[in-house]
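Undergrad: There's a structure below that I have some questions on.
The values are calculated or read from the model by the stated rules, or taken from the named source; none is laboratory data. Because the structure is predicted, anything quoted here is derived from the model rather than measured. Here Cβ is always computed from backbone atoms with ideal geometry, including for glycine, and neighbour counts include all displayed protein chains. We work out accessible area using only protein heavy atoms, side chains counted, and drop any ligands, DNA or RNA first. Shrake-Rupley method; radii C 1.70, N 1.55, O 1.52, S 1.80 Å.
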Amino acid sequence: MARRKRETKRRPPFGMPKGIVLLATPEGWRHSVLTLEGGMLCGRLADVPVNAGPAEARAAAAAMVVGLAHDFHEVRVDVTWDPPREAGSWTAQVTVAAPPPNAGG
C-alpha cells in the first residue's frame with residue numbers, strides 16, 4: 001500500500017516581530033526582538049559603532065526588523081519608537097503595514 005506524502009506548511013524559523021527593546025551598553029548597542037508567538041531574539045547591532053548615537057542605533061534596529069519580517073513572513077512592517085522612559089533604553093512597537101500577498105485566500 002502506497003502512503004500519500006502529507007504536505008505540511010513549515011513554520012518560519014523566526015516569529016513575527018511585535019516589539020523591539022534597544023539598550024546602550026559600554027560594549028555596544030544591544031537589542032531584543034519580541035515575537036507574537038512569545039519568542040525573543042537578542043543580540044548586538046554588529047554594524048553600528050559603539051559610539052553611535054541613539055538615532056543611528058534605532059534606525060539600524062528598525063531596518064533589521066523590517067528585513068526579518070519581509071524575509072521570513074513576506075510582510076511589510078512599520079516600527080514606531082516610544083518616547084524614552086530612561087536613559088540608554090528605547091522600546092518600539094512593530095505593526096504590519098501591508099498584508100501578505102496571498103492573505104485574500
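Undergrad: Could you pull out the residue among Leu34, Leu68, Leu22, Leu41 that is of a type outside the set (D, E, K, R), open to solvent by 60 Å² or more (accessible area, probe 1.4 Å) and either within 12 Å of the chain's Cα centre (by Cα) or closer than 17 Å to Thr95 by Cα (or both)?
TA: Working: Leu34 fails: open to solvent by 60 Å² or more (accessible area, probe 1.4 Å); Leu68 fails: open to solvent by 60 Å² or more (accessible area, probe 1.4 Å); Leu22 fails: open to solvent by 60 Å² or more (accessible area, probe 1.4 Å).
Exactly one residue qualifies, and that residue is Leu41.
Undergrad: Determine the pairs where a residue that is among the polar types (S, T, N, Q), located within the range 22-47, has a partner that is assigned to a loop (DSSP other than H, G, I, E, B) and surrounded by 11 or more Cβ atoms within 10 Å (Cβ to Cβ) with Cβ atoms under 6 Å apart, the partner being 6 or more residues away or on another chain.
TA: From the range 22-47, the pairs are Thr35/Gly15; Thr35/Met16.
Undergrad: Does Pro101 qualify as being modelled with pLDDT under 90 and not hydroxyl-bearing (Ser, Thr, Tyr)? Steps first, answer last, please.
TA: Numbers: modelled with pLDDT under 90: yes; not hydroxyl-bearing (Ser, Thr, Tyr): yes.
Judged against the criteria, Pro101 is a match.
Undergrad: Here are the criteria: (1) free of Cβ contacts under 8 Å to residues at least 40 places away in the same chain; (2) more than 16 Å from the chain's Cα centre (by Cα); (3) open to solvent by less than 60 Å² (accessible area, probe 1.4 Å). Tell me which single one Asn51 does not satisfy.
TA: (3)
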